[in-house]
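Peer 1: I have a structure here, written as structure tokens, and I will follow up with some questions on it.
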Amino acid sequence: MAKGSYQVSAVPVTIFAHLLVIAVSTLVLVWLLYFRGGLAFKSQNKQKIFNVHPLLMVVGFLLPAGEAIMAYKSIPAKKEVQKLVHLVLHFIALACGIVGIYAVFKFHNEARVINMYTLHSWIGMSTICLFGIQWLLGFFSFWWPRAEQGTRAKYMPWHVFLGAVIFFMATVTAETGLVEKFLFLGLGKSQEALIVNFTGLLILLFAVSVGLTVVLPRSSY
Ligand code: ASC
């Protein structure tokens, strides 16, 4: 092992992160289906329309985005395959994110609630906009039609840095969203409160794990 290295490979951390994906998805589904009355895109029960928002933002957006970041460490395949997984997972995340935000606007409009007045919504909207720009710039620079080598080399560190910033912003947005909902619902000390708070805790652990896989080497040598 190289002196001054972390002495651990990214692999066990990616496995831990995959397990967190399963745990967070389960908690969110139990929360929305069992405690919050389920999901619908059209309903008289407007809460069901709202519920599409946390589902798509966490299970459809944040978790796939984290998996996309880890693809270069978690997929045992050629670089081009890892890159394809990276961009497709990010595309899925972007699509879910857009529909998830559409769902909360739809809920607000039908329930006559105003839009975009919270810190959660401001950071969240900034996140999805930056995410879309980052995806387009990455796609055209690194996949098709692909910039020339010198340009790619200069852009790459910024792509990595901005990707980390945007993923961090997505995590902050998820956490503030959970706190917001906790307070809107007036949840006291209850089973549901525990589910919401543990979702937030595991999302934080997931984000830390994703960050760690970025700095750790594929294999320890
Ligand atoms: C790519 C790719 C990289 C970078 C590199 C420029 O498309 O796969 O590793 O760009 O060529 O730094």
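The values are calculated or read from the model by the stated rules, or taken from the named source; none is laboratory data. Not measured: the values here are computed from a predicted model. Don't worry about glycine lacking a Cβ; one is built from the backbone with ideal geometry, like all the others, and counts go over all protein chains shown. These area figures cover heavy atoms from the full protein model, side chains too; ligands, DNA and RNA do not enter into them. Shrake-Rupley method; radii C 1.70, N 1.55, O 1.52, S 1.80 Å.
Peer 1: Pairs Lys3/Lys73; Lys48/Lys181; Lys73/Lys181; Lys3/Lys79: which exceed 23 Å Cα-Cα?
Peer 2: Lys73/Lys181; Lys3/Lys79, as the Cα separations exceed 23 Å there.
Peer 1: While we're here: Helix check for the chain. Which DSSP H runs span at least 30 Å along their own axis by Cα, with a mean Kyte-Doolittle hydropathy no less than 0.5? Write down the numbers at each step before the final one.
Peer 2: Numbers: long enough: 79-110 (46 Å, 0.89); 149-185 (53 Å, 0.75); 191-215 (36 Å, 1.94).
Going by DSSP H runs, the hits are 79-110, 149-185, 191-215.
Peer 1: Can you send over the carbon and sulfur percentage of the accessible area for the stretch 72-128, probe radius 1.4 Å, protein chains only?
Peer 2: Details: 2400 of 3250 Å².
For the stretch 72-128, the apolar C and S fraction of the accessible surface comes to 74 percent.
Peer 1: Does anything in the stretch 36-54 have its amide N under 16 Å from the 7 Å Cα→Cβ label point of Gln191, and if so which residues?
Peer 2: Answer for this model: 36-38.
Peer 1: Of all the Cα-Cα pairs you can form in the stretch 115-211, what percent are over 16 Å apart? Before the final figure, lay out the partial values.
Peer 2: Details: 2995 of 4656 pairs.
Percent of Cα pairs beyond 16 Å in the stretch 115-211: 64.
Peer 1: Given N residues in the stretch 1-108, what is its alpha carbon radius of gyration divided by 2.2 N^0.38 Å? Write out the running numbers ahead of the final one.
Peer 2: On the way: Rg = 17.4 Å, N = 108, 2.2 N^0.38 = 13.0 Å.
Cα Rg divided by the expected 2.2 N^0.38 Å: 1.33.
Peer 1: Considering only Thr176, Thr151, Thr199, give the residue with the highest GNM mean-square fluctuation for the chain, with springs between Cα atoms whenever their separation is below 10 Å.
Peer 2: Maximum among the listed residues: Thr151.
Peer 1: A further question follows. Counting only heavy atoms of protein chains, what accessible area per residue, in Å², does the stretch 17-161 have with a probe of 1.4 Å? Mind dumping the intermediate values first?
Peer 2: On the way: 7830 Å² over 145 residues.
I get 54 Å² per residue for this part.
Peer 1: In square nanometres, what is the average projected area of the Cα convex hull of the chain? Intermediate values should be presented prior to the final figure.
Peer 2: Working: hull surface 55.1 nm².
Mean projected area for the chain: 13.8 nm², to one decimal.
Peer 1: Filter the trypsin sites (Lys or Arg not before Pro) in the stretch 64-157 to those in DSSP coil with at most 12 other Cβ atoms within 10 Å of their Cβ, and list the result. Let's see the in-between values first.
Peer 2: Values: sites: Lys73, Lys78, Lys79, Lys83, Lys106, Arg112, Arg146, Arg152, Lys154; in loops: Lys78, Arg112, Arg146.
Sites meeting the loop and neighbour criteria: Lys78, Arg112, Arg146.
Peer 1: Please check: in the Gaussian network model of the chain (C-alpha springs, under 10 Å), which one of Pro64, Pro54, Pro76 has the largest mean-square fluctuation.
Peer 2: For the chain, modelled as a Gaussian network with Cα springs under 10 Å, the answer is Pro76.
Peer 1: On to the next question. Extension gain Phe91-Glu148, at 0.36 nm per residue separation less the Cα-Cα distance, in nm?
Peer 2: On the way: separation 57, 0.36 × 57 = 20.52 nm, distance 2.32 nm.
Gain on stretching Phe91 to Glu148: 18.2 nm.
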